[in-house]
Number of protein chains: 2
Amino acid sequence: MTIKELANELNISTTTVSRVLTGQEKKYRISAKTAQKVKDLAKTHQFAPNQIARNLRLQKTNTIGLIIPDISNPFFANLARTIEVALRKRNKMVLLCDTKDDTAVEEESIGLLLARKVDGLLVAPVGEKWEHLEKSNTTPIVLIDRYFEDKKIPYITTDNYAGSYEATSYLISKGHQRIACVQGRINTSANKNRVEGFQRALRDHQINTTHTLVLGDDYSVENGYRSTKILLENPELPTAIFALNNQIALGVMKAINEAGLHIPENISLLSFDEQPYFELLSPPLSAIKQPMEGIGITAVETLFELLEGKRATNSRLKPTLIPRASVKSILKP
Amino acid sequence: MTIKELANELNISTTTVSRVLTGQEKKYRISAKTAQKVKDLAKTHQFAPNQIARNLRLQKTNTIGLIIPDISNPFFANLARTIEVALRKRNKMVLLCDTKDDTAVEEESIGLLLARKVDGLLVAPVGEKWEHLEKSNTTPIVLIDRYFEDKKIPYITTDNYAGSYEATSYLISKGHQRIACVQGRINTSANKNRVEGFQRALRDHQINTTHTLVLGDDYSVENGYRSTKILLENPELPTAIFALNNQIALGVMKAINEAGLHIPENISLLSFDEQPYFELLSPPLSAIKQPMEGIGITAVETLFELLEGKRATNSRLKPTLIPRASVKSILKP
DNA sequence: TGTTATTGCGCAATCGATTGTGCAATAGTA
DNA sequence: TACTATTGCACAATCGATTGCGCAATAACA
């Protein structure tokens, strides 16, 4: 069904049909009678105008590309949901791409989305390259979770540095000095900032960093597991481990359990990136909670400012610490 | 940049440019020399043809609509990932809709996606209405996770009945007779089948079902929590609880913990829908593991069969039981 | 009645790519 | 040389909706 067929059935022109259906009857002085006829017929046929034709003519698709490294990571799944809901309110739909944390896939995805003429892009980049992100001269883009230093691509992220600093200070306040940090993807801004916050807190508290390893290279359970195995081979165990995301934390727990050690008796554990089940783990897992709703909503708002031709402002939203039993005080009384 | 501009720059027609760029040079006898010129210029301009125009002309969008009740539920997030990857391999992109388990949103989403002329639909329906799903006369549709009895809309799902039967039989084999079942959304096929499996297993083992409550009404943490609170008010506690999805299970655990009770000493717990962190919970949570990759991949394959004009076959994939410490044997020695 | 204003709607171009058909120019053959 | 076959490419219509402009028909007014 097309407006042409509707028009034929009513013996009027497609022009008139189009104008009625787009609510421009007043502007173009379509008589109330004609307008009603059109609306009625459209309703009985359950007619919806072909958006492809519309998009072509209007040079606008009402579609946003959402690029995410791993939608099965609950952090991104939550983010995706917030974003989808926020965009739906504004009459935009979401074209979803999962890059599997692979820069090549990300690059390809950008190309595909631009060819489809999305109105804007929301990207949680893998983090290693940015050139392809600047291909979108005319298409506004907002980065989420990760960003690029010295590049002027706007971004919305957790204040990873602050969160990490707070987490580390908390561990130190509980008497921990030999703290190991299992990091995520190394060249990622989020990871860099978390590591910086970690190291800065150590220095600010005059901790000798000889024993404070940073190891790992990936936001995965496997990395948490593998890295912890390495840590546990060392005769001198760390008293606490700081896992830089929720998946790493799971791997760390698994490795500790398998080694027959206990959290927090043998090793304390704290994770960046709170999840609902953390309080039910054995033991309940202390975490830094990211303001996920805030990130999603702010990202959408920022994108819309760009779409309206305004300037975008970057945001770093503050996370909060949720202390739980997985961190034990080892202060001597 | 358009093929027209490319054509002008080379002083040839858009026809020729189009034919070269779509790889039809041979078919239409474009000389190797001309073809090369076109390819070179396209490369230097990083030209990619406008897909909107292409879609309109070809009456095909290479886009699949994916409708999901809750992308923040890890079950669906995982499914979405599998599906995205499988579709990408076949040169399709994904338009994502999160219905928030709301039939009205689902209905709206179907309309939006059809107006955008998606080539096909993959839908995990809320489950209460199906009429809107049949609007897609010409657009093939495959249901995932949930389906409609007596309707001929093809579906791919876990064999929920079998999984539930196995889970319940396992509990019974451990001596449990007073088993409570906290269910999800009542009118959902998945839920119905799980409850049927549960009740059938009880009957087959001649369990007096007077004490085997089925309560709850929603796939949410809150429902698990609330329903368990109700259960715990009763002086005669169940010896085991069967939670019908991962979110419900979390709520159940939380309520049990808050009541000062212990799993499995006071109550055993088993969950439908395994998650990676289940083995790290306190205690490790027994679960029925759904074949998620299988569901996603089969759904995509089935959709493609429909796209190729073939008949679709429904699938019910077998889940597996993963026994863990959360279920205790209460058999008298 | 003659003139101007207003009402109601349609013509045809446009968005960018694809494609059936056809027409020169060149090559091949007798 | 005359005629046919082949090569190489372009014309123009098409997909479905939108919109600037214009033209009748009717209304309003003098």
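Derivation of every value follows stated rules applied to the coordinates shown; laboratory data play no part. Fair warning: this is a prediction, and the values are worked out from it, not measured in the lab. All Cβ positions, glycine included, derive from the backbone under ideal geometry; neighbour counts span all protein chains shown.
Could you size up the charge dipole of chain B around its Cα centre, putting +1 on the beta carbon of Lys and Arg and -1 on that of Asp and Glu, and report it in debye to the nearest 20?
1740
Count the DSSP beta bridges whose two residues both fall in the protein assembly as shown, then state the antiparallel fraction as a percent rounded to the nearest 5.
15
Name the residue farthest towards the positive end of the dipole of segment A:3-49 from the options A:Leu41, A:Thr14, A:Tyr28, assuming +1 on Cβ of Lys and Arg, -1 on Cβ of Asp and Glu, about the Cα centre.
Of the options given, the answer is A:Tyr28.
With everything on Cα atoms, drop me the angle between helix B:292-307 and the longest principal axis of chain B, reported from 0 to 90° to the nearest 10.
Helix B:292-307 sits at roughly 40 degrees to that axis.
Mind telling me which of B:Ser189, B:Ser31, B:Ser109 comes out most flexible in a GNM of chain B, alpha-carbon contacts under 10 Å?
Of the options given, B:Ser31 has the highest mean-square fluctuation.
Say a label goes 7 Å from Cα toward Cβ at B:Glu108 in every copy; what distances in nm does this one have to the rest, shortest first?
3.4
Would you grab the residues whose amide H sits under 5 Å from the one on A:Leu269? Only those 5+ places off in sequence or on another chain, please, with H modelled 1.01 Å from N.
A:Ile241, A:Val327, A:Lys328
With each run of n ≥ 4 DSSP H residues scored as -39500 (n - 2.57), what mean residue ellipticity at 222 nm is computed for chain B after dividing by its residue count and rounding to the nearest 500 deg cm²/dmol? Please report the intermediate quantities before stating the final value.
On the way: 11 runs with 138 residues, N = 333.
Roughly -13000 deg cm²/dmol at 222 nm, from the helical runs in chain B.
Once R0 is set to 30 Å, what does the formula 1/(1 + (r/R0)^6) return for the Cβ-Cβ distance between B:Lys332 and A:Asn266, expressed as a FRET efficiency to the nearest 0.05?
After rounding, the FRET efficiency stands at 0.20.
On C-alpha positions alone, give me the angle between the axis of helix B:189-204 and the longest principal axis of chain B, in degrees, nearest 10.
Once rounded, one gets 30 degrees.
Taking only Cα atoms, what is the 0 to 90° angle, nearest 10, from helix B:103-115's long axis to the longest principal axis of chain B?
20
Would you mind checking which residues have amide H under 5 Å from A:Ile141's amide H? H placed 1.01 Å from N; only 5 or more apart, or other chain.
Long-range HN contacts for A:Ile141: A:Leu121.
Mind listing the phi-derived Karplus ³J(HN,Hα) values for segment B:168-175, rounded to whole Hz, using 6.51, -1.76 and 1.60 with θ = phi - 60°, and x for any glycine or proline?
Calculated HN-Hα couplings, in order: 5, 4, 4, 4, 5, 5, 8, x Hz.
Using θ = phi - 60° and the Karplus curve 6.51 cos²θ - 1.76 cosθ + 1.60, what whole-Hz ³J(HN,Hα) does each residue of segment A:135-152 get, with Gly and Pro shown as x?
So the Karplus estimates, Gly and Pro as x, are 5, 7, 3, 8, 8, x, 9, 10, 8, 10, 6, 10, 8, 10, 4, 6, 9, 9 Hz.
How large is the charge dipole for segment B:170-258, taken about the Cα centre, if only the Cβ atoms of Lys, Arg (+1) and Asp, Glu (-1) carry charge, to the nearest 20 debye?
On the way: 10 positive and 8 negative charges, 43 e Å.
The calculation lands at about 200 debye.
Which residue, chosen from A:Ala104, A:Thr188, B:Asn257, occupies the Cα position most advanced towards the positive end of the dipole of the protein assembly as shown, where the dipole is computed from +1 (Lys, Arg) and -1 (Asp, Glu) charges on Cβ about the Cα centre?
Going by the Cα projections, it comes out as A:Ala104.
Using a 7 Å offset from the Cα along the Cα-to-Cβ direction at both B:Glu233 and B:Thr320, what is the distance between the two label points in nm, to one decimal?
If labels sit at B:Glu233 and B:Thr320, their model points lie 4.1 nm apart.
What number, in percent, do you get for the relative contact order of segment A:151-242 if the mean sequence gap of Cα pairs under 8 Å and at least 6 apart is divided by its residue count?
On the way: 117 pairs, mean separation 35.0, N = 92.
Result for segment A:151-242 is 38 percent.
Report, in whole Å, the centroid distance computed from the Cα atoms of segment A:78-115 and segment B:30-62.
With segment A:78-115 and segment B:30-62 each reduced to a Cα centre, they are spaced 24 Å.
Nm distances between the label at A:Gln24 and the same-position labels in the remaining copies, 7 Å along Cα→Cβ, shortest first?
3.2
Using Cα pairs closer than 8 Å and at least 6 residues apart in sequence, work out the relative contact order for chain B, in percent.
Normalised by residue count, the contact order of chain B is 16 percent.
Short version: what are the Cα gyration tensor semi-axes of segment B:3-49, square root of 5 times each eigenvalue, largest first, in whole Å?
On the way: eigenvalues 46, 22, 19 Å².
Equivalent-ellipsoid dimensions as semi-axes: 15, 11, 10 Å.
Treating the beta-carbon of each Lys and Arg as +1 and of each Asp and Glu as -1, no other charges, what is the dipole magnitude of segment A:189-331 about its Cα centre, to the nearest 20 debye?
Numbers: 14 positive and 16 negative charges, 67 e Å.
Roughly 320 debye, rounded to the nearest 20.
Taking the label point 7 Å from Cα in the Cβ direction, how far apart in nm is B:Arg311 from each other copy of itself, listed shortest first?
Counterpart label points of B:Arg311 in the remaining copies fall at 6.6 nm.
Per-residue HN-Hα couplings for segment A:153-163, Karplus 6.51 cos²θ - 1.76 cosθ + 1.60 at θ = phi - 60°, whole Hz, x for Gly and Pro?
6, x, 8, 10, 8, 5, 6, 5, 4, 4, x
Tell me the Rg and the Dmax, in Å, that the Cα atoms of segment B:84-213 produce.
Cα radius of gyration and Dmax of segment B:84-213 are 18.3, 55 Å respectively.
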